[in-house]
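First comes the structure, then the notes that go with it.
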Amino acid sequence: MLLYLNKATWAGEGAEALAEQVRAAREARLPIVMAHENDAVRGGCIFAHFFEVTPRDLIADGLYHDLAVGCHAGPHRQVSIALLAQALGATKQTAQSRVRRVTALARTTQPRGSSSKTEPSSGEDLA
């Protein structure tokens with residue numbers, strides 16, 4: 001499970017539903033990877049905020065014992081996303097494999113609107 005943490009995570013109408021999903025994931029012993037948004041433009045906040053708004057039972061159960069991956073702004077964003085992908089199980093090998101498959105697929109497909117039919121080069125061939 002990916003748990004994206006920003007200032008809106010435990011707020012609003014969906015907060016209780018999210019808490020139930022997290023409880024269910026923890027009960028099922030599913031891994032929970034947390035992404036802590038640090039970019040203010042994307043709702044980033046200090047991590048201490050989550051100890052104020054997260055349901056108490058989740059905190060007591062150890063939700064935040066594992067470190068969250070920091071998602072930073074600007075030039076650090078790409079590194080943050082790479083670290084998050086790694087935490088979710090991505091490897092260099094799987095990334096390269098996907099690139100090869102997409103490249104192979106791109107060679108066998110045509111852009112929308114194109115046709116394999118050859119069209120007349122001038123108006124002479126049109127009836």
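What follows is calculated from the coordinates using simple rules that are stated; it is not laboratory data. Fair warning: this is a prediction, and the values are worked out from it, not measured in the lab. No Cβ is skipped: glycine too gets one built from the backbone with ideal geometry, and neighbour counts run over all protein chains shown.
Details
- Amide proton proximity set for Leu5, modelled H, under 5 Å, gap of 5+: Ala35, His36, Glu37
- Calculated FRET efficiency for the pair Arg100/Asp66, C-beta based, R₀ 25 Å, to 0.05: 0.15
- Distance between the pseudo-spin-label points of Ala73 and Thr108 (7 Å out from Cα toward the beta carbon): 4.5 nm.
- The smallest convex shape that holds all Cα atoms of the stretch 2-106, its convex hull, gives 146 Å³ per residue.
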